[in-house]
Amino acid sequence: MLKSKRVIGVLISGSGSNLQALIDECSAPLFPARIGVVISNRSHVFGLVRAEQAGLPNYWLDRQEFDSNEAYDTAICDKLREHGVELVVLAGYMRLVRRPILEAYPDAVINLHPSLLPSFPGAHAARDALDYGVKVTGITIHFADAEFDMGPVIIQEVVPVHQNDDEETLLERIHNAEHRHLPYAVKLWAMGRLRIEGRRVKILPKGDKVREDT
Ligand code: GRF
């Protein structure tokens, strides 16, 4: 077991299959991060059950109980801090994160999106890709900023669209890619191997400084 794992907080809104991928990877002794807390903006989602089953602190915070989005995100931030979180992972979190979180976690909020951004932003990326008729779509893992599905791209992977796909079959292929890449992005961050330069994110070689020609 690594002596000092970095602590991540995972925000979810749904089934939490990406949370599960993180739970599984984080359980490996040499994985450089662990999950400190899971927070959902929706009640009774399966992601909270997964967190509970993994013995992780987990909370549902109800937006209705707060006067504003800022107040809501301040409450989330308080919970993240209470659990020593250093990196916030938006794993199927269907809300925009606001200033309180972004300011408390500069360059340390990662979002996952089921398309090759900037194509098909929004809540129905797979359906939109099918409707458009693209032959490939994919996944994007990126640093989050104050706009939906923006922010510097860390990892993208292409996912083919098959001609008999419906939303369910395409989403299944997309999820497989997400489950492989989200833990890897967290690992890169935890190892200090991500460097943001404007809109570009450089992945530093292991245990080395970035070479200018990489
Ligand atoms: C993922 O496809 C993610 O890209 C999108 O919401 C989905 C969440 O799935 N934002 P899950 O809750 O991790 O199963």
> What is the set of long-range amide H partners of Ile110 at a cut-off below 5 Å, with H atoms built 1.01 Å from backbone N?
Replying inline: Val88, Val89, Leu90, Ala144
> Under a point-charge model restricted to the Cβ atoms of Lys and Arg (+1) and Asp and Glu (-1), what is the dipole moment magnitude of segment 1-85 relative to its Cα centre, in debye to the nearest 20?
Replying inline: 440 debye
> What is the Cα radius of gyration of segment 47-103 over 2.2 N^0.38 Å, N being its residue count?
Replying inline: 1.15
> What list of ³J(HN,Hα) values in whole Hz, one per residue of segment 53-64 in order, does the Karplus curve 6.51 cos²θ - 1.76 cosθ + 1.60 (θ = phi - 60°) give from phi, with Gly and Pro shown as x?
Replying inline: 4, 8, x, 9, x, 8, 9, 9, 10, 8, 4, 4
> Can you give the FRET efficiency for Gln156 and Glu82, using 1/(1 + (r/R0)^6), R0 = 45 Å, r = Cβ-Cβ distance, to the nearest 0.05?
Replying inline: 0.85
> Glu147: accessible area at probe 1.4 Å, nearest 10 Å²?
Replying inline: 110 Å²
> From the phi of every residue in segment 118-131, what ³J(HN,Hα) in whole Hz does the Karplus formula 6.51 cos²θ - 1.76 cosθ + 1.60 yield, where θ is phi - 60° and glycine or proline is x?
Replying inline: x, 6, 6, x, x, 7, 10, 4, 5, 4, 5, 5, 5, 4
>> To make sure I understand the rule: partners must be lysines, Cα under 25 Å from the Cα of Lys187, and not fewer than 8 residues away in the same chain. Which ones qualify?
In response: Lys3, Lys5, Lys79, Lys202, Lys206, Lys209
>> Compute and list, largest first, the equivalent-ellipsoid semi-axes of segment 82-134 from the alpha carbon gyration tensor, each √(5λ) rounded to a whole angstrom.
In response: 29, 10, 9
> Using only helices, what value at 222 nm comes out for the chain when you add -39,500 (n - 2.57) per DSSP H run of length 4 or more and divide by the total residues, to the nearest 500 deg cm²/dmol?
Replying inline: -10000 deg cm²/dmol
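Let's see if you can work this out: charge +1 on each Lys and Arg Cβ, -1 on each Asp and Glu Cβ, no other charges. What is the dipole magnitude of the chain about its Cα centre, in debye to the nearest 20?
Charge dipole of the chain: 900 debye, to the nearest 20.
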> Tell me, what is the FRET efficiency for Arg99 and Asn164 to the nearest 0.05, using R0 = 45 angstrom and their Cβ-Cβ distance as r?
Replying inline: 0.50
>> Percent of Cα-Cα pairs more than 14 Å apart in segment 169-208, please.
In response: 57 percent
> Mean separation of Cα pairs under 8 Å and 6+ residues apart, divided by the residue count of segment 1-159: what relative contact order is that in percent?
Replying inline: 20 percent
>> List the residues, sorted by chain then number, that are 5 or more residues from Val159 or on another chain and whose placed amide H is less than 5 Å from its amide H.
In response: Thr137, Gly138, Ile139
> Projected area of the chain, taken from the Cα convex hull and averaged over every viewing direction, in nm²?
Replying inline: 12.6 nm²
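The values are calculated or read from the model by the stated rules, or taken from the named source; none is laboratory data. Just so it is clear, the structure is predicted and the values come from calculations on it, not from any experiment. Neighbour counts run over all protein chains shown; Cβ positions are idealised from the backbone, glycine included. When the accessible area is computed, the model is the full protein with side chains, heavy atoms only, and any ligands, DNA or RNA have been set aside. Shrake-Rupley method; radii C 1.70, N 1.55, O 1.52, S 1.80 Å.
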